[in-house]
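The values are calculated or read from the model by the stated rules, or taken from the named source; none is laboratory data. Not measured: the values here are computed from a predicted model. Methodologically, a virtual Cβ is constructed for each residue, glycine included, from the backbone with ideal geometry; neighbour enumeration extends over all protein chains shown. We work out accessible area using only protein heavy atoms, side chains counted, and drop any ligands, DNA or RNA first. Shrake-Rupley method; radii C 1.70, N 1.55, O 1.52, S 1.80 Å.
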Amino acid sequence: MKKELRLMKGNEAVAEAAIRAGADGYFGYPITPQSEVLEYLMAEKPYERTGMVVLQAESEIAAINMVYGAAGCGKMAITSSSSPGISLKQEGISYMAGAELPGVILNVVRGGPGLGTIQPSQADYFQAVKGGGHGDYRMLVLAPASVQEMADFTLLGFELAFKYRNPVMILSDGALGQMMEKVELPEPVPCRTEEEIRQQCPWATLGKPANMERNIITSLNLESLKQEQHNLKLQAKYAQMEREEVRYEEIMCEDAEYLLVAFGSSARICQKTLRMAREKGIKAGLLRPITLYPFPQKPLFELARRVKGILVVEMNAGQMIEDVKLAVCGKIKTEHFGRFGGVIPSPSEVLQALEQKIIGG
Amino acid sequence: MENIPTTADIVKEENLVYKKTKVLTDNILSYCPGCGHGTAHRIIAEVIEEMGIQDKTIGIAPVGCSVLAYNFFDIDMQQAAHGRAPALATAIKRLLPDKFVFTYQGDGDLAAIGTAETIHACNRGDNFTIIFINNGIYGMTGGQMAPTTLPGMKSSTSPYGRDTQTMGNPLKITELVAQLPGTCYVTRQAVHTPGNVRKAKKALRLAFEYQGKNMGLSFVEIVSNCNSGWKMTPRNANEWMEDNMFPFYPLGDIKTPAKLEL
């Protein structure tokens, strides 16, 4: 099999991309609007294609701990869920961060809090970017804005997870998971052999060879000074992420007088808003953070020196705006526009908000 | 004085009837004197050595007194979140079916917070071994009531004794998992006397042998003491265990495979 063009749902694209990435295991639990990931994998029988293991776990808690166990063996493992289920996974994510284990977690966000709705939302930004689980840790967070990026970021997620020995979250939403688009799928690579894993992950628990030290996967340090050293090591890793992994896209920003900042589905909507604004003679641009952590602070700071105002557009009550405000340091007017609870804003609503809150305000 | 023999003079290879297994490290055990964990560790390690599987065994440590089990076994190990060891083991064994995988869990870990993970791994028949140390108490956190605490038994969170009306009855989870078709071997043992140690070691050997034959989940409960948590001397704790724990948690095989083809 080579590269291939297909019309797929975002959820299916993640599943197929995981197989083609050479992932060793998927562990998941059904929840709307992401169940197609598990359904696709069960139907596709990847264990016959590549040897990839697929298992429906008894809970999201079990699923993330299966990812932990697999990752501890240096295996490429992925799990997916939607907001309420991601809350259940937070314990495991914190343990993975503490034990420095790589893994990919897909969140197809729906409206909350609680059981909320099953429609698309971006209300889990804080949870993904600011922690979610307990302890001083960070997760690399990738925000796709298309089915293509759902597939691409599955591969990128594994790459970054193993580069940093850290969990990576793909923060999508119900629209990206459910909508169908053309997607170019990568050429498949086989699962790594045990020898290859031992080479790449000398820390992995694959069984202790007679002449070698044993490997231990743990997040426990009973002595506070040792734990502090571990925390400092983690912080150094996060600092490296902030230096090397910031990803973002600038659209029509060269001559922009007004800036929209949006990620994921909101960024797709804002692209239409840009065209509508330009037709009316409003010079608007869009900054789309692709990594939500690390956040593109510097490009925002630079743009803030050139534009007259910023409108942050999110499908939540105002979460990323806190990071935007930190980045622009109060230099210019920064307002939020959001629909939430599963409601998707229309491009004209966004334009109206830009005119009222930023241009006229 | 120069005629006094040294240890090296006395202890010669041909005179040795017993020595510490190389599957245990030289780290000092973190367990209280009198506790059964050390003995349980030793016989697990001996079984691993005798089967020649040190290089392909992966153990999972729980949360609780044995959270540091990875300091004592000289094998690759992972430490799980509280109760989640069977989930880790499920993934590890499925991804590495040629390895031997075991979890080592206490009663709070296995039968309270990890009940779902325990039951479902057993029900799926995942092909690893669960070693369950039941001392009827949360030892590490200071002697709180566990799911296996006996009726009337005092603990720091049942200071007037476990009242089954408000605190429920002790959970016989071992009998429960024996009902599930996924388990191939379920047994309850003890390690407080030499005879029991020998029986428990045989049971552990069988559990690992069945795993090697892909027969499903093998489950070994070891009823143990917690002299610190029970606030008794080690000897009194063992006597109390015999008089009170064993009648409620009777020793012996609960489920064995139909055919023993070893």
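At an R0 of 60 angstrom, the distance between the Cβ atoms of A:Glu249 and B:Asp253 translates into a FRET efficiency of 0.40.
Any idea how far the Cα center of segment B:190-235 sits from the one of segment A:284-361, in Å? That distance is 61 Å. Taking every DSSP bridge with both residues inside the protein assembly as shown, close to 25 percent are antiparallel. Accessible surface buried by the A/B pair amounts to about 2800 Å², both sides summed, 1.4 Å probe. A straight Cα-to-Cα reach below 19 Å connects A:Lys3 with the lysines A:Lys182, residues fewer than 8 places away in its own chain not being considered. Scanning residues 5 or more positions from B:Ile130 or on other chains, those with amide H under 5 Å from its amide H are B:Thr103, B:Ser218, B:Phe219, B:Val220, with H placed 1.01 Å from N in the peptide plane. Summarising the label geometry, the points placed 7 Å from Cα in the beta-carbon direction at B:Asn244 and B:Leu176 lie 2.2 nm from one another. Mean partner shielding of peptide B:96-103, defined as the number of other chain Cβ atoms within 10 Å of each residue Cβ, is 3. Highest average first, the peptides B:211-224, A:300-313 ordered by how many other beta carbon atoms sit within 10 Å of their residues are B:211-224, A:300-313.
Figure the gain on full extension for A:Ala317 and A:Lys272 (residue separation times 0.36 nm, minus the Cα-Cα span) and round it to one decimal in nm.
Length gained, A:Ala317 through A:Lys272: 14.0 nm.
Along the charge dipole of chain A, pointing to its positive end and built from +1/-1 on Cβ of Lys, Arg, Asp and Glu, which listed residue (A:Met212, A:Tyr293, A:Pro186) has its Cα farthest out? Most positive-ward Cα: A:Tyr293. Residues in segment A:84-105 near a label at A:Lys163, defined as backbone nitrogen under 17 Å from the 7 Å Cα→Cβ point? Correct set: A:101-105. Computed from the C-beta positions of A:Asn221 and A:Glu242 and an R0 of 22 Å, the FRET efficiency is 0.35 to the nearest 0.05.
Taking amide hydrogens as placed 1.01 Å from N in the peptide plane, the amide H of B:Ile254 sits under 5 Å from those of B:Val186, B:Thr187, B:Arg188, each at least 5 positions away in sequence or on another chain. Taking a ≥ b ≥ c as the square roots of the eigenvalues of the alpha-carbon gyration tensor, segment A:248-359 is classed rounded because a/c is under 1.5.
Note on chain B: helix-only mean residue ellipticity at 222 nm, from DSSP H runs of 4+ residues weighted -39500 (n - 2.57) and normalised by residue number, equals -8500 deg cm²/dmol.
Residue by residue along A:54-60, Cβ atoms of other protein chains within 10 Å of the local Cβ number 4 on average. Residues of segment A:89-116 that bury at least 20 Å² of accessible area once all protein chains are present, compared with their chain alone (1.4 Å probe, heavy atoms only, ligands and nucleic acids left out), are A:Glu91, A:Tyr95.
Can you compute 3J(HN,Hα) from phi for each residue in segment B:98-104, using the Karplus curve 6.51 cos²θ - 1.76 cosθ + 1.60 with θ = phi - 60°, rounded to whole Hz and x for Gly and Pro? Working through the residues one at a time gives 8, 8, 9, 10, 9, 10, 10 Hz.
Just going by the charge dipole of the protein assembly as shown, with Lys and Arg at +1 and Asp and Glu at -1 on Cβ, which of A:Tyr137, B:Asn225, B:Thr57 is farthest out on the positive end? Working it through, the farthest residue towards the positive pole turns out to be A:Tyr137. Each residue of segment A:40-50 was assigned a 3J(HN,Hα) from its phi angle through the Karplus expression (A = 6.51, B = -1.76, C = 1.60, θ = phi - 60°), giving 4, 5, 5, 6, 7, 6, x, 4, 7, 7, 10 Hz with x at Gly and Pro. Going by a ≥ b ≥ c, the root eigenvalues of the Cα gyration tensor, does chain B fall in the rounded group (a/c under 1.5), the prolate group (a/b larger than b/c) or the oblate group? Taking the square roots of the gyration eigenvalues as a ≥ b ≥ c, chain B is oblate. Considering only beta bridges that DSSP places wholly inside chain A, some 30 percent are antiparallel. Simple spin-label estimate for B:Asn71 and A:Lys357 gives 5.4 nm between the two label positions (7 Å along the Cα-to-Cβ direction from each Cα). Shown in residue order for segment A:22-37 are the 3J(HN,Hα) couplings computed by the Karplus curve 6.51 cos²θ - 1.76 cosθ + 1.60 at θ = phi - 60°: x, 4, 8, x, 10, 10, x, 9, x, 6, 6, x, 10, 4, 4, 4 Hz (x for Gly and Pro). Rounded to the nearest 20, the size of the Cβ-charge dipole of the protein assembly as shown about its Cα centre is 580 debye, with Lys and Arg at +1 and Asp and Glu at -1. Spatial offset of segment A:39-103 relative to segment B:125-181 amounts to 29 Å, using the alpha carbon center of each. Largest mean-square fluctuation among B:Pro247, B:Pro62, B:Pro151, in a Gaussian network model of chain B whose springs join Cα atoms under 10 Å apart, belongs to B:Pro247. Per-atom-type breakdown for chain A gives carbon and sulfur 51% of the accessible area (1.4 Å probe, protein chains only). Within 10 Å of the Cβ of each residue in A:212-219, the mean number of Cβ atoms contributed by other protein chains is 6. The relative contact order of segment A:248-359, computed from alpha carbon pairs under 8 Å that lie at least 6 residues apart in sequence, is 30 percent. Here the contact order of chain A, divided by its residue count and restricted to Cα pairs under 8 Å and six or more residues apart, works out to 18 percent. When DSSP beta bridges are restricted to pairs lying wholly in segment B:25-255, around 20% turn out antiparallel. Based on protein heavy atoms only, chain A ends up with 39 Å² per residue of surface accessible to a 1.4 Å probe.
Taking square-rooted eigenvalues a ≥ b ≥ c of the alpha carbon gyration tensor, is segment A:152-244 rounded, prolate or oblate, where a/c under 1.5 means rounded and, failing that, a/b exceeding b/c means prolate? In terms of gyration-tensor shape, oblate. A straight chain from A:Glu302 to A:Met42 at 0.36 nm per residue would run longer than the Cα-Cα distance by 88.9 nm. Between A:Ser82, A:Ser348, A:Ser146, the GNM of chain A built on Cα springs shorter than 10 angstrom shows A:Ser348 fluctuating the most.
Placing a pseudo-label 7 Å from each Cα along the Cα-to-Cβ vector at A:Thr193 and A:Lys280 gives an inter-label distance of 6.3 nm. Compared with the dominant Cα axis of chain A, that is its longest principal axis, helix A:147-164 is turned about 50°. Counting protein heavy atoms only, segment B:25-255 has 52 percent of its accessible area on carbon and sulfur, 1.4 angstrom probe.
Largest mean-square fluctuation among A:Val108, A:Val37, A:Val343, in a Gaussian network model of chain A whose springs join Cα atoms under 10 Å apart, belongs to A:Val343.
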